[in-house]
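The structure appears below as structure tokens.
The values are calculated or read from the model by the stated rules, or taken from the named source; none is laboratory data. Everything numeric here is computed off the predicted structure, so don't read it as measured data. Here the Cβ positions follow ideal geometry from the backbone for every residue, glycine too, while neighbour counts run over all protein chains shown.
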Amino acid sequence: MTKPDKPIVAVFGASSPEAGDPDYQAGVECGRRLAKAGFTVATGGYGGLMEAACRGAAEAGGFTIGVTAPSVFPGRTGANPWVQREIPADDLVHRIGLLTSLAAGYVAMPGSLGTLGELVVAWNLAFVAPFSNESTGPIVAVGATWNRLVPQLTAQLDTDGSFVEVVASVEQAVDYLVDQLS
């Protein structure tokens with residue numbers, strides 16, 4: 001599987017927001033800003049914020065990847081219409097592994113357990129990378145939920161919260177990624 005020429009940013013987020021919802025609009029704006037900054041956008045490929053980020057990127061002329069999990073979500077009929085390249089994964093673990101291995105950076109938008117799982121995997125990869133003299137891409141989390149949850153997880157799990165930059169807006173998230181990946 002060849003990667004696109006432009007660096008890939010994985011966007012994690014809830015599957016429930018629909019067009020018109022403020023979170024959906026923020027997802028569209030995130031994808032648009034990422035594409036305009038020269039990034040390829042990769043998501044879980046389905047609806048909600050995954051669709052929104054792909055839509056924003058595609059409408060801005062960017063390239064989108066959707067890493068789907070057909071066996072996990074048999075009721076879903078494929079990737080959202082804004083995905084330009086679908087990559088089917090065998091299961092959720094494979095899906096998250098593909099998203100994290102493809103990406104040069106990560107954005108966690110508002111979400112639920114799936115989004116938390118994706119964020120925690122990216123965070124853990126960043127945490128353990130120095131043990132093998134490696135590095136991973138920057139991680140940025142958007143919104144009030146992460147502003148509370150990341151410090152709480154840092155304290156409760158005795159880990160390093162500096163691997164996750166928490167910001168209030170998608171504008172700040174994209175600016176942070178541009179700064180870190182340029």
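Data for the structure
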read-out: Residue pairs meeting the criteria (Cβ under 7 Å; at least 6 apart or on separate chains; first surrounded by fewer than 20 Cβ atoms within 10 Å (Cβ to Cβ) and among the hydroxyl-bearing types (Ser, Thr, Tyr), in region 52-66; second at pLDDT below 95 and not in a helix (DSSP H, G or I)); value: none
read-out: Answer residue from region 135-152, given it is of a type outside the set (Val, Ile, Thr) and touching a Leu at 6+ places or on another chain (Cβ under 9 Å) and is nearest to ALA103 (Cα to Cα) among those; value: GLY137
read-out: Filter result for the condition that a residue is farther than 17 Å from GLY44 by Cα, of a type outside the set (Val, Ile, Thr) and under 14 Å from the mean Cα position of the chain (by Cα), over PRO130, PRO151, PRO138; value: PRO138
read-out: Test for ALA14: is it at pLDDT 95 or above, among the aliphatic types (A, V, I, L, M) and in a loop (DSSP other than H, G, I, E, B); value: yes
read-out: Selection from region 17-31 of residues that are part of a helix (DSSP H, G or I) and over 16 Å from PRO81 (Cα atoms); value: PRO22, ASP23, GLN25, ALA26, GLU29, CYS30
read-out: Some residue of region 48-58 being acidic (Asp, Glu), in a loop (DSSP other than H, G, I, E, B) and at pLDDT 95 or above; value: no
read-out: In region 165-182, the residues that are part of a loop (DSSP other than H, G, I, E, B) and not hydrophobic (A, V, I, L, M, F, W, C); value: SER169, SER182
read-out: Selection status of ALA42, within 16 Å of the chain's Cα centre (by Cα) and either touching a residue at least 40 places away in the same chain (Cβ under 8 Å) or within 12 Å of ARG55 (Cα to Cα) (or both); value: yes
read-out: Some residue of region 24-31 being within 21 Å of ALA126 (Cβ to Cβ) and surrounded by 15 or more Cβ atoms within 10 Å (Cβ to Cβ); value: yes
